[in-house]
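Heads up: the structure comes next, in structure tokens.
Just so it is clear, none of the values below were taken in a lab; they were calculated from the coordinates. Worth saying up front: this structure is predicted, and the values here are computed from it rather than measured. Glycine gets a Cβ as well: all are built from the backbone with ideal geometry, and neighbour counts include every protein chain shown.
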């Protein structure tokens, strides 16, 4: 064998993540790279988008469609538009600074505030995993006629296996999560063919706001207040902070442009999935089964109404949602801990700690769907901290330099934050049983 051949074979083979960075570098330097080069920038927003089609969204969207038909589609659209803005800001923070949101909090806030934020964020991580873990387990138990506890054990094993894939670099897990998002989206494309949709009415209610009564207001609050997830705000900045190395401000600007496009594309897909969930529930249940509010009930009702195909597709999407969202939630929890207090724990310990509340809930005999609702309230309480911190950091010139938020971005972000935080306040007040005053114009 020649020396030249030995030289080639001795070269280390590049990993998938390294090849991804190489393809992106070609685009940044102006070299021909084809579609693979542009696809190399996609990934972080796809992973973060899982937060917007998790089992908590399933429960809320089913209730909205069953009780109010297409009437609250505009709320789903508004919630996802607000989410786009904040996820774009989170990605921007990581790209420009090279640090994630939790790390910046640790560096710029006082020690007591950092420890308090860490504690609250850990509670949020557990609440997030409670909803996502239970969602996957409910789907498995219904599909295979298993006790819920057995479904939880299977969910734990599968999600741990998915988390281990992260040891092979960022790209494999990005592609796997992208595949799972695609499965969820494809399931709801199928549902649109199985369940008859009044497309004219759906279009009108997506664009024309209305609130039929006070209960619709509370449900709208639940949809918007639980859409922007604390862990997704933290996670996105961490996914982008060291993913794509840049050499100058011109390249940095290009990466930001690609990031914004990916956020719009990824969250547009999950927005359509959420709209499809509401439309499916509306067409299936609103006319004669408006009382449907639980995932299990929706599954059992779909079979006699539209056949086993519709019910099976619904369950598959729920299972994939629970598995992927639980995996991403654990990734976020690990990143939050490392960012705030500067140390990591073994991923199996992280997985065990975050899923423990779900096992406690089931062992105690508590209703799983009610547990999902409570978890959303907990997330609503914890959301203001990362949201306000994100607005502070992306608005500081000493941190963002020339990439500091412009006036229009600041105004839009401030309005979005006020809307979400006020609605979260209403959700929390309602959860504690405090009566709200009548609002003019709402029956």
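Assorted remarks:
- When 30, 37 are checked against the criterion of being surrounded by fewer than 23 Cβ atoms within 10 Å (Cβ to Cβ) and out of contact with any helix residue (DSSP H, G or I) (no Cβ under 9 Å at 6 or more places or on another chain), a single residue qualifies: 30.
- When 155, 128 are screened for being part of a helix (DSSP H, G or I), within 22 Å of the chain's Cα centre (by Cα) and within 22 Å of residue 79 (Cα to Cα), only 128 passes.
- Residue selected from the stretch 26-80 under the condition part of a helix (DSSP H, G or I) and free of Cβ contacts under 8 Å to residues at least 24 places away in the same chain, by the criterion nearest to residue 358 (Cα to Cα): 39
- Count of the stretch 318-350 residues which are without any contact (Cβ under 8 Å) to a residue 40 or more places away in the chain and surrounded by 21 or more Cβ atoms within 10 Å (Cβ to Cβ): 1
- Of 302, 275, all but one fail to be part of a helix (DSSP H, G or I), crowded, with 19+ Cβ neighbours inside 10 Å and either without any contact (Cβ under 8 Å) to a residue 40 or more places away in the chain or at positive phi (or both); the exception is 302.
- Residue match in the stretch 353-366 (condition: part of a helix (DSSP H, G or I) and closer than 16 Å to residue 142 by Cβ): yes
- On the stretch given as the stretch 205-248, residues that are over 22 Å from residue 169 (Cβ atoms) and part of a helix (DSSP H, G or I) total 17.
- Flag if residue 113 is touching a residue at least 12 places away in the same chain (Cβ under 8 Å) and part of a helix (DSSP H, G or I): no
- Residue 12 vs. criteria surrounded by fewer than 24 Cβ atoms within 10 Å (Cβ to Cβ) and assigned to a loop (DSSP other than H, G, I, E, B): yes
- Some residue of the stretch 283-290 being more than 20 Å from the chain's Cα centre (by Cα), in a helix (DSSP H, G or I) and closer than 14 Å to residue 187 by Cβ: no
- Residue check for residue 182: surrounded by 16 or more Cβ atoms within 10 Å (Cβ to Cβ) and free of Cβ contacts under 8 Å to residues at least 40 places away in the same chain: no
- From the options 360, 353, residue that is surrounded by fewer than 17 Cβ atoms within 10 Å (Cβ to Cβ) and farther than 18 Å from residue 229 by Cα: 360
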